[in-house]
């Protein structure tokens, strides 16, 4: 083997060693945990806010049909009753009808007995709309939203006390939609801000 051939082989193996070192350096480069965590946190927060916005918008759309044509009453938990559609339970609440003669213009369906024409301000018991498997699944105090559906006054929804405020109006629906829009903007801002800050951290570390 000539000296020239030997030099070529040495150069070849030296090139391989340099390549291995470069490849090994790439493989050993640490993962940028801090920027990754910041980016993921921003995206997660953005997702949570976006879901909250979607739920708020859905609530506003659902309640829009009852704006300015419904009443809100308070109810105290009394007992459980079988749900009419599933094998779970509904709560039974006791409350007082509004002192508004308009509630006497049609029968009232409590969900527990046959509909009948009530008296304004009458004490009633009614079926809640929530479902659960035990007493602890239900609110001790709840608000019931009453509206006329197909010529009958009935409980269209029950929720935690204070959920419906003093009643559902056009202003209530508008405010819910504003809240939904603000939550969505906050979600986009959180996601975008998290990604931007993560990129800045990455560049600072590298």
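Where a number appears in this text, it was derived from the coordinates with a stated rule and is not lab data. Only a predicted model underlies this, so the values are computations on that prediction, with no experimental measurement involved. Cβ coordinates were reconstructed from backbone atoms using ideal geometry, including for glycine residues, and neighbour counts include every protein chain displayed.
For residue 197 and residue 47 in the same chain, what is the full-extension length gain: residue separation times 0.36 nm, less their Cα-Cα distance, in nm?
Gain on extension, residue 197 to residue 47, equals 52.3 nm.
Region 68-94 and region 143-206 have Cα centres spaced 24 Å apart.
For residue 101 and residue 181 in the same chain, what is the full-extension length gain: residue separation times 0.36 nm, less their Cα-Cα distance, in nm?
Working: separation 80, 0.36 × 80 = 28.80 nm, distance 3.78 nm.
Roughly 25.0 nm would be gained on extension.
With a Förster radius of 41 Å, plug the Cβ-Cβ distance of residue 112 and residue 174 into 1/(1 + (r/R0)^6) and report the FRET value to the nearest 0.05. Intermediate results must be reported in sequence, preceding the final value.
Values: r = 35 Å, r/R0 = 0.84.
About 0.75, to the nearest 0.05.
Multiply the residue gap between residue 131 and residue 67 by 0.36 nm, knock off their C-alpha separation, and tell me the result in nm, one decimal place. Write out the running numbers ahead of the final one.
Values: separation 64, 0.36 × 64 = 23.04 nm, distance 2.48 nm.
The residue 131-residue 67 span can extend by a further 20.6 nm.
Please quote Rg/Rh for region 69-166 to two decimal places, taking the Kirkwood radius as Rh and restricting both calculations to Cα atoms. List each step's numbers first, then the result.
Numbers: Rg = 12.7 Å, Rh = 13.4 Å.
We get a ratio of 0.95 for region 69-166.
Distance from a point 7 Å along Cα→Cβ of residue 55 to each backbone N in region 130-163: keep the residues under 18 Å and list them by number. Correct set: 130-132, 137-139, 143, 158-163.
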